1. Just give me the residues in region 48-63 being without any contact (Cβ under 8 Å) to a residue 24 or more places away in the chain and either over 19 Å from ILE31 (Cα atoms) or not acidic (Asp, Glu) (or both), in sequence order.
2. Limited to region 66-86, what total is found for residues that are without any contact (Cβ under 8 Å) to a residue 12 or more places away in the chain and surrounded by 12 or more Cβ atoms within 10 Å (Cβ to Cβ)?
3. Can you pull out every residue in region 44-86 that is over 16 Å from the mean Cα position of the chain (by Cα), of a type in the set (D, E, K, R) and assigned to a loop (DSSP other than H, G, I, E, B)?
Amino acid sequence: MPKDSAHNLAGALRLEGGLDVVALRRALGEIVHRHDTCRPTFALQDGVPVQHVHPQRELELAFTDLQDLPDSGRMPRVLELARAQS
């Protein structure tokens, strides 16, 4: 098993305009439902890595509405939130 987390890639999207939160949650949930590779965890059993694919569950998304911040204050807030998540 690799000793690094290079396979864990973080990303971010900048969305402009209105956001249909229900549609976004439904679309992402469908991706996770269709692709087993979105639901595994790994554990060691007798020193050997073993993959366990979890069943589908409700997708949890956290949202932070930044529309009340001035444009110049949004990116610093995004970076602050990202640091808090890691």
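All of the numbers you see were taken from the coordinates with simple rules; none came from a lab. Bear in mind that the values here come from a model prediction, so they are computed numbers and not experimental data. A quick note on method: Cβ atoms are made from the backbone with ideal geometry, for glycine too, and the neighbour counts reach across all protein chains shown.
1. VAL48, VAL50, GLN51, HIS52, VAL53, HIS54, PRO55, ARG57, ALA62
2. 3
3. Within region 44-86, ASP46, ASP65, ASP68 meet the criteria.
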